[in-house]
Amino acid sequence: MAKFFTTDWHLDDEYVPGSHTFLRPKPINILAQEWFDECRRLIKPDDELYLLGDMVSHVQALKMLDDLPDCRIFILRGNREQKIANFEDEVFKRLVRRRNRVAIVGDNDQCIYDVDIAQTSWRISHKPVNLLGFALAKPSLCAHVHGTWRTQCLPDGEPIINVGIDAWGRLVTEEIIAHEYRAVERGYYDINVRVDLW
């Protein structure tokens, strides 16, 4: 069983390339097709896929998630999903074909969840700022910052890795996370980004 991580697809956004606050090289419908194709190519039925929020912003767009492969799916709410009324009920209603394989995780307030990756316990949340008070002495995964940075260091020295699609352009694997963890431990991370601007 392998674990994969991604976030910030903004599937129901419509804009031309280069017109958004985070730049994307192609229209979202073309990029989304590439991302779905990668998921279907790499993810097996026994694998786990973690979506760290801001996948969609409208309830009708949840149907798009049906294009994901059949696997265990864990959904964390991002700021977009937080605005969808009855999000949990709507997810299960619209993802009927694999209802028992989809889980909404994280508390409603901060949407923080713990997961084991490469024999280490990690804390995950959509917004990195949510982790500042909770992730002490624990490495973390986040989203929300798009391609601003890939790896950073929490105030206590623990690594925090952005698993967003705009940072990596693909799914983030356990191997990538383990590699980035070792890099941050050795002092290699995106030091040119001010943490106070998260």
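The values are calculated or read from the model by the stated rules, or taken from the named source; none is laboratory data. Predicted model only: the values in this text are computed from it and were never measured. We place every Cβ from the backbone using ideal geometry, glycine too, and count neighbours over all the protein chains shown. Only protein heavy atoms, including side chains, enter the accessible area calculation; ligands, DNA and RNA are left aside. Shrake-Rupley method; radii C 1.70, N 1.55, O 1.52, S 1.80 Å.
Scan segment 11-27 residue by residue and report those that are at pLDDT below 80, of a type outside the set (Asp, Glu) and either open to solvent by 30 Å² or more (accessible area, probe 1.4 Å) or outside any loop (DSSP other than H, G, I, E, B) (or both).
Let us first name the residues in segment 11-27 that are at pLDDT below 80, namely 13-25.
Next, only the ones that are of a type outside the set (Asp, Glu) stay: 15-25.
Within segment 11-27, Tyr15, Val16, Pro17, Gly18, Ser19, His20, Thr21, Leu23, Pro25 meet the criteria.
A quick yes/no check of all residues on (1) among the polar types (S, T, N, Q); (2) open to solvent by less than 40 Å² (accessible area, probe 1.4 Å); (3) under 12 Å from the mean Cα position of the chain (by Cα):
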site: Ala137; (1), (2), (3): no, no, no
site: Val145; (1), (2), (3): no, yes, yes
site: Thr148; (1), (2), (3): yes, no, no
site: Pro159; (1), (2), (3): no, yes, no
site: Ile165; (1), (2), (3): no, yes, yes
site: Arg170; (1), (2), (3): no, no, yes
site: Ile177; (1), (2), (3): no, yes, no
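For segment 155-167, name all the residues that are on the phi < 0 side of the Ramachandran plot and without any contact (Cβ under 8 Å) to a residue 40 or more places away in the chain. Spell out how you get there, then give the answer.
Just the residues of segment 155-167 that are on the phi < 0 side of the Ramachandran plot, to begin with: 155-156, 158-167.
Hits for segment 155-167 are Asp156, Glu158, Pro159, Ile160, Ile161, Asn162, Ala167.
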> Taking His126 and the conditions (1) over 13 Å from the mean Cα position of the chain (by Cα); (2) modelled with pLDDT of 90 or more, which numbered condition does it fall short on, given that it satisfies the others?
Replying inline: (1)
> Got a number for residues in segment 93-113 being surrounded by fewer than 14 Cβ atoms within 10 Å (Cβ to Cβ) and at pLDDT 90 or above?
Replying inline: 0
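Restrict the check to segment 35-58 and report whether at least one residue is aliphatic (A, V, I, L, M), farther than 20 Å from Ile165 by Cβ and surrounded by 17 or more Cβ atoms within 10 Å (Cβ to Cβ).
First pass over segment 35-58, keeping only residues aliphatic (A, V, I, L, M): 42-43, 49, 51-52, 55-56.
Imposing the further condition that a residue be farther than 20 Å from Ile165 by Cβ reduces the set to none.
No, segment 35-58 contains no residue that is aliphatic (A, V, I, L, M), farther than 20 Å from Ile165 by Cβ and surrounded by 17 or more Cβ atoms within 10 Å (Cβ to Cβ).
Conditions (1) modelled with pLDDT of 90 or more; (2) in contact with a His (Cβ under 8 Å, 6 or more places away or on another chain), marked per residue:
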| residue | (1), (2) |
| --- | --- |
| Trp9 | yes, no |
| Asn29 | no, no |
| Glu38 | yes, no |
| Lys44 | yes, no |
| Glu48 | yes, no |
| Met55 | yes, yes |
| His58 | no, no |
| Ile73 | yes, no |
